1. Determine the sum of side-chain charges near Trp224: Lys and Arg each +1, Asp and Glu each -1, restricted to other residues whose C-beta is under 15 angstrom from that of Trp224.
2. Suppose only helical runs count, i.e. DSSP H with n ≥ 4. What mean residue ellipticity at 222 nm does that imply for the chain under -39500 (n - 2.57) per run, divided by all residues and rounded to the nearest 500 deg cm²/dmol?
3. When Lys and Arg each count +1 and Asp and Glu each count -1, what net charge do the other residues less than 15 Å away from Ala101, Cβ to Cβ, add up to?
4. What size of dipole, in debye to the nearest 20, comes out for the chain about its Cα centre when the only charges are +1 on Lys and Arg C-beta atoms and -1 on Asp and Glu C-beta atoms?
5. With 10 Å bins from zero, work out the P(r) of the chain over every alpha carbon pair and list the percent per bin.
6. Just want the answer: with Cβ charges of +1 for Lys and Arg and -1 for Asp and Glu, which residue in Trp69, Ser128, Gly82 is farthest toward the dipole's positive end in the chain?
7. How much FRET efficiency would the formula 1/(1 + (r/R0)^6) give for Ala53 and Phe172, where r is the Cβ-Cβ distance and R0 is 45 Å, rounded to 0.05?
8. How about region 123-176: which trypsin sites (Lys or Arg not before Pro) there lie in a loop by DSSP and see at most 14 other Cβ atoms within 10 Å?
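The values are calculated or read from the model by the stated rules, or taken from the named source; none is laboratory data. None of the values given here were measured: they were computed from a predicted structure. Heads up, the Cβs are rebuilt from the backbone with ideal geometry, glycines too, and the neighbour counts pull from every protein chain shown. To get the accessible areas, we keep the full protein, side chains included, count just its heavy atoms, and leave off ligands, DNA and RNA. Shrake-Rupley method; radii C 1.70, N 1.55, O 1.52, S 1.80 Å.
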Amino acid sequence: MTVPARYVLLRVLQAVGVLWAAFTISFAVLYLLPADPVQLAVDASPGTPVDAAAVAELQARYGLDKPLWEQYGTAVIHAVRGDLGHSLSTGQTVVEAIGEALPSTLALAGTTLLLAVVFGSALALAASYTQSERLRGLLTALPPVGASMPTFWVGLILLHLFSFQLRLVPAFGGTGFSGTILPAVTLSVPVGAVIAQVLYSNLITTWQQPFVAVAFAKGASRAWVQWRHVLRAAVGPALTIAGVWVGTVLAGSVIVETVFARAGVGRLTQTAVLNQDIPVVQGIVVFSAAVYVLVNLLVDLAYPLLDARVVDGFRGKERALA
């Protein structure tokens, strides 16, 4: 097996291991620590008459009367088949519930990452390219401000300005582009700020490498050197940060979809937690982990395409361990 093939196989196995660990930990936390989900749902409605036989029938239907190790084994087998169980509140399958909420959240997350990458990269490139110290100082001062602002505060400020004052976009429950752009801008501010900070730091470091002086000696312009040589060598860590922030965007969607009254996975999470609907909560945890693992796997697989030194480094580690 070639070195690139072994690199890909190792990354895929690591991704599967992380996903299995996320499923196991979420199962242990949600099923071991509190109680069984049916009893939690019953306890959530105090004062309501409860038929003990009906509770026992529900526990049997969801397999909660079986030993825990058997519940875990069955859950793993069903999860591999794409079955994450049924909602205790609605009886709907967890996959269907997530599937109904997913398009809105995907539109929000995709627009957020697009805005963050475009504006964060543009800010870092402009700050590293300019030779004006005053302009560079101004541009590099913006990312720390964006990273320090709380997401809910940014959302409320944008709502007040663009919805209540200028009336350009709907305040709550909007759909399509007009209903997505304001929540996406809210989430993209901290993500883009971090991407700009990491990319700018690597660009400045790369500008000081000897190969940059060689490129200038060959007559290349400053713009060509930055685009063709400096950016390609410096983009790796920023790409990693963008992948890591996918999880943060999914977590932030819970707050943003609540502030903007949007339907989506964030709203579904809020409803499931309030109703103590543990199968849905675990399904969302596993789904979020799967998205996070998949995106970071794609980032890892993109590294060798951007920088051949990654495969060389992997080959060196294999030799050191041999």
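1. Result for the local shell: +4.
2. Dividing the helical sum by the residues of the chain leaves -25000 deg cm²/dmol.
3. -2
4. 1740 debye
5. Going from the shortest bin to the longest, the percentages are 5, 20, 24, 23, 16, 7, 3, 1, 0.
6. Ser128
7. Calculated value: 0.55.
8. Sites meeting the loop and neighbour criteria: Arg167.
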